[in-house]
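Enquirer: Take a look at this one; I'll ask things after.
Any read-out appearing in this document is the output of simple, stated calculations on the displayed coordinates, not a laboratory observation. All of these numbers come straight from a predicted model, not from anything done at the bench. Don't worry about glycine lacking a Cβ; one is built from the backbone with ideal geometry, like all the others, and counts go over all protein chains shown.
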Number of protein chains: 2
Amino acid sequence: MTDSAVQVAHVGLGAIGREVVRLVLRRADLRLVAACDISPELVGTTIGSALGESTDGADVTIVTSLAEVPATDDLVVTHTTSSSLARCLPELLAAVEAGAHVVSSCEELSYPWVQAPEEAARLDAAAKEAGVSVVGTGVNPGFAMDYLPVVLSGATKQVDSVKVHRVQDAGERRKPLQAKVGAGITADEFDRRVSDGGMGHVGLTESAQAVAAALGWDASDTTETIQPVIAATATASAFGTIEPGRIAGIDQVAVVRVDGVERVRLHLQMAVGIGPSQDDIWLTGDPDLHLTVPGGLHGDLVTAAALVNTIGSIRHAEPGLRVMSELRPPRPAPTRG
Amino acid sequence: MTDSAVQVAHVGLGAIGREVVRLVLRRADLRLVAACDISPELVGTTIGSALGESTDGADVTIVTSLAEVPATDDLVVTHTTSSSLARCLPELLAAVEAGAHVVSSCEELSYPWVQAPEEAARLDAAAKEAGVSVVGTGVNPGFAMDYLPVVLSGATKQVDSVKVHRVQDAGERRKPLQAKVGAGITADEFDRRVSDGGMGHVGLTESAQAVAAALGWDASDTTETIQPVIAATATASAFGTIEPGRIAGIDQVAVVRVDGVERVRLHLQMAVGIGPSQDDIWLTGDPDLHLTVPGGLHGDLVTAAALVNTIGSIRHAEPGLRVMSELRPPRPAPTRG
């Protein structure tokens with residue numbers, strides 16, 4: 001790290017959070033000053049022992065919350081606790097009121113202005129009052145299906161509609177992702193989970209609305225649907241073989257219409273065996289454009305990196321609750337040693 | 001336009017400049033308040049008569065320079081006069097000293113910190129003094145070979161090297177571009193023009209250095225080479241048939257090395273008949289990534305658009321001379337009526 005290293009406090013030591021901390025410890029331009037988690041097994045131990053890391057900075061002792069962290073100027077909080085904005089809001093407000101910028105993986109924070117306007121307004125006001133900036137990001141939402149198509153639009157005179165198709169072969173991804181998409185469950189169980197609201201990728205609606213808002217379209221008419229991907233043949237998964245007829249994953253679509261005209265269509269398929277993974281973006285307008293990422297933007301590998309890469313961007317953002325399209329491009333920096 | 005429309009003054013009414021003005025007139029969020037050109041045939045006429053446009057706002061009378069434009073708050077100057085920073089500098093300083101943000105097509109302005117550090121420092125200081133922001137941009141430099149690879153890096157943990165390959169079939173492009181790449185000239189004439197420094201695409205070195213700087217690499221060791229693309233068969237061009245053995249276009253490479261290790265390689269091929277046009281970006285690192293734009297990002301069609309799309313970005317930038325990777329993504333906005 002350098003003398004001018006940015007001070008980072010991390011909240012939430014789940015799988016993504018641990019990876020965030022590992023990356024912060026590795027980056028030459030960042031310095032970990034605090035780590036928080038509510039788990040009694042972690043509180044009081046050092047980050048080094050919790051993560052098996054012995055790098056410089058790993059002697060930070062884990063505390064329960066930011067309330068136990070001494071106030072410091074120019075602090076950035078990285079936050080990875082929940083997909084739910086309602087659950088994250090008290091933590092986000094605490095960070096902001098402590099004078100810290102915030103980069104959070106909370107999917108519902110990535111564009112909360114339509115789904116949760118009151119929470120958004122409250123957080124925005126608190127951030128402006130404190131002179132700090134807050135953003136929700138990651139690979140998806142935050143990059144693949146929203147930031148990247150907005151960036152591409154910069155090379156057009158006019159955009160009439162945006163289509164994104166993201167295919168992620170869940171077989172290449174970690175077990176929790178395979179569980180999240182329902183790998184191996186029955187069609188009945190899939191339907192039950194959908195009814196309970198506990199099935200599928202969180203943030204697709206927010207991504208669609210973020211794209212619409214960035215291009216000047218009213219995002220209030222957004223619909224989202226989810227269908228199962230059914231295994232056609234016996235398919236290997238992290239939970240053993242998925243028999244034909246069982247669920248291999250999810251197929252989700254979010255659409256924004258303006259005056260009945262479809263402007264944004266985001267199509268996400270995450271299923272075991274559905275590969276090859278790939279991201280495609282099509283803009284229709286003047287001119288039409290097509291962008292493709294063969295092999296796809298790997299969600300698990302880089303969600304933590306997308307958060308850490310955004311630390312530099314949030315420090316240069318205007319105060320308030322921001323969306324990614326208002327931020328300079330996130331990017332990695334040289335690592336130590 | 002809306003009451004909150006951003007005021008735009010344009011300088012330089014060549015082909016790209018005229019297209020910039022057309023787009024400004026079309027956009028609902030912008031209002032043309034002035035247009036400047038040194039051509040005696042244009043000064044004193046209206047933009048409407050010069051461009052054959054009759055839209056609202058086209059009654060602006062063309063003047064020689066910004067010195068004749070009344071001072072106004074929150075003005076953005078779009079500037080398209082020359083590729084040479086030395087030639088543009090007085091105009092850029094005049095705009096900044098008038099309190100305007102500047103978006104310029106000057107290729108050498110896109111990353112002037114290595115090639116022209118004194119001019120860069122002078123402009124940066126003047127912009128900070130005036131509290132305004134300045135950037136050089138376009139499709140290339142400004143987007144295809146620099147901004148887009150930097151954006152892509154945001155979805156990685158670490159980048160070890162960046163390679164970009166841009167193929168533009170000059171046969172699909174306007175006559176001046178075909179002339180610029182030497183379509184139809186002899187190999188001797190090509191060599192003569194290269195020796196005179198008048199051959200090839202301006203800005204490739206700057207793009208390579210912009211990528212390097214954004215990723216934390218020292219950009220001082222940059223090399224650039226240019227080779228002719230020779231027509232293998234008779235090829236139709238805007239100047240008639242190019243006979244085999246004559247020049248079809250250019251093949252340029254810019255490389256940045258750090259401690260002898262190649263970090264950035266930008267390869268640009270612009271030649272008649274070399275298609276299909278395509279842009280490819282490869283990042284090696286963790287993970288490797290490949291992005292492709294089949295059909296390519298069309299230079300002529302969207303250079304003007306890239307400038308106009310950056311008006312919103314420059315107004316939210318920090319004061320000073322900026323590079324694109326410090327700006328929020330440019331994007332188009334809904335047009336009028």
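Enquirer: Put +1 on the Cβ of every Lys and Arg and -1 on every Asp and Glu Cβ in segment A:147-297; which of A:161, A:269, A:282 then has its Cα farthest towards the positive end of the dipole?
Expert: After comparing all options, I get A:269.
Enquirer: Sticking with this structure for a sec: Using only alpha carbon pairs under 8 Å that are at least six residues apart, calculate the relative contact order of chain B and give it in whole percent.
Expert: That works out to 20 percent.
Enquirer: Can you give the log10 of the normalised intensity I(q)/I(0) at q = 0.11, 0.12, 0.16 Å⁻¹, computed with Debye over equal Cα scatterers of chain A?
Expert: Per q value, in the given order, log10 I(q)/I(0) is -0.73, -0.87, -1.39.
Enquirer: Quick one: pull the percentage of alpha-carbon pairs in the protein assembly as shown with a separation above 39 Å.
Expert: Pairs farther apart than 39 Å: 34 percent.
Enquirer: State, to one decimal in nm and shortest first, how far the label point of residue A:174 sits from each corresponding label point in the other identical copies (label point: 7 angstrom along Cα-to-Cβ).
Expert: 5.1
Enquirer: Another question about this same structure. Give me the inter-chain shielding for A:211-217: mean count of other chain Cβ atoms within 10 Å, whole number please.
Expert: Counting other chains' Cβ atoms within 10 Å and averaging over A:211-217 gives 2.
Enquirer: What whole number of Å gives the distance from the Cα centroid of segment B:173-244 to the Cα centroid of segment B:138-169?
Expert: Comparing the Cα centres of segment B:138-169 and segment B:173-244, I get a distance of 19 Å.
Enquirer: Hey, got the average number of other protein chain Cβ atoms within 10 angstrom for residues in A:145-154?
Expert: The per-residue average across the peptide is 6.
Enquirer: Which one, B:183, B:197, B:222, is farthest towards the positive end of the dipole of segment B:147-296 when Lys and Arg carry +1 and Asp and Glu -1 on their Cβ?
Expert: My answer, from the dipole projection, is B:183.
Enquirer: Net charge near residue B:204: determine it from the other residues with C-beta under 12 Å of the C-beta of residue B:204, scoring Lys and Arg +1 and Asp and Glu -1.
Expert: Here the charged neighbours net out to -4.
Enquirer: With springs only between Cα atoms under 10 Å, which of A:166, A:27, A:265 fluctuates most in a Gaussian network model of chain A?
Expert: Highest fluctuation of the listed residues: A:27.
Enquirer: List the pair-distance distribution P(r) of segment A:147-297, using every Cα-Cα distance, as the percent of pairs falling in each 10 Å bin from 0 up to the bin containing the longest distance, rounded to whole percents.
Expert: Calculated P(r), rounded to whole percents: 12, 37, 30, 17, 4, 0.
Enquirer: Would you kindly state how much longer the chain becomes between residue A:239 and residue A:45 on full extension, computed as 0.36 nm times their sequence separation minus their alpha carbon distance, in nm to one decimal?
Expert: 66.6 nm
Enquirer: Turning to a different aspect of this structure: Counting each DSSP H run of 4 or more residues in the protein assembly as shown as -39500 (n - 2.57), what helix-only mean residue ellipticity at 222 nm follows after dividing by all residues, to the nearest 500 deg cm²/dmol?
Expert: After summing the helix terms and dividing by the residues of the protein assembly as shown, the value is -8000 deg cm²/dmol.
Enquirer: Shortest first and in nm to one decimal, what separations exist between residue B:72 and its copies in the other chains, measuring from label points 7 Å along the Cα-to-beta-carbon line?
Expert: Residue B:72 label point versus its equivalents elsewhere: 4.7 nm.
Enquirer: Count, for each residue of A:158-164, the Cβ atoms from other chains sitting within 10 Å of its Cβ, then give me the mean as a whole number.
Expert: Other-chain Cβ atoms within 10 Å of each residue's Cβ, averaged: 2.
Enquirer: Can you compute 3J(HN,Hα) from phi for each residue in segment A:44-55, using the Karplus curve 6.51 cos²θ - 1.76 cosθ + 1.60 with θ = phi - 60°, rounded to whole Hz and x for Gly and Pro?
Expert: So the J values, rounded to whole Hz, are x, 8, 8, 4, x, 6, 5, 9, x, 10, 10, 5.
Enquirer: Still on this structure: Given a Förster distance of 22 Å, report the FRET efficiency between residue B:187 and residue B:83 from their Cβ-Cβ distance, rounded to the nearest 0.05.
Expert: 0.35
Enquirer: Sticking with this structure for a sec: Show me A:305-315, B:228-238 ranked by packing, highest mean number of other Cβ atoms within 10 Å first.
Expert: A:305-315, B:228-238
Enquirer: Obtain the nm distance between the two label points defined at residue A:262 and residue A:67 by a simple spin-label model: each point lies 7 Å from its Cα along the Cα-to-C-beta direction.
Expert: The modelled label-to-label distance comes out at 4.9 nm.
Enquirer: Could you go through segment B:281-294 in sequence order and give the Karplus-derived ³J(HN,Hα) for each residue, using 6.51 cos²θ - 1.76 cosθ + 1.60 with θ = phi - 60°, rounded to whole Hz, and x for Gly and Pro?
Expert: Going residue by residue, I get 10, 10, 10, 9, x, 9, x, 5, 9, 10, 10, 9, 10, x Hz, with x marking Gly and Pro.
Enquirer: Sticking with this structure for a sec: What is the set of long-range amide H partners of residue A:242 at a cut-off below 5 Å, with H atoms built 1.01 Å from backbone N?
Expert: A:235, A:236, A:237
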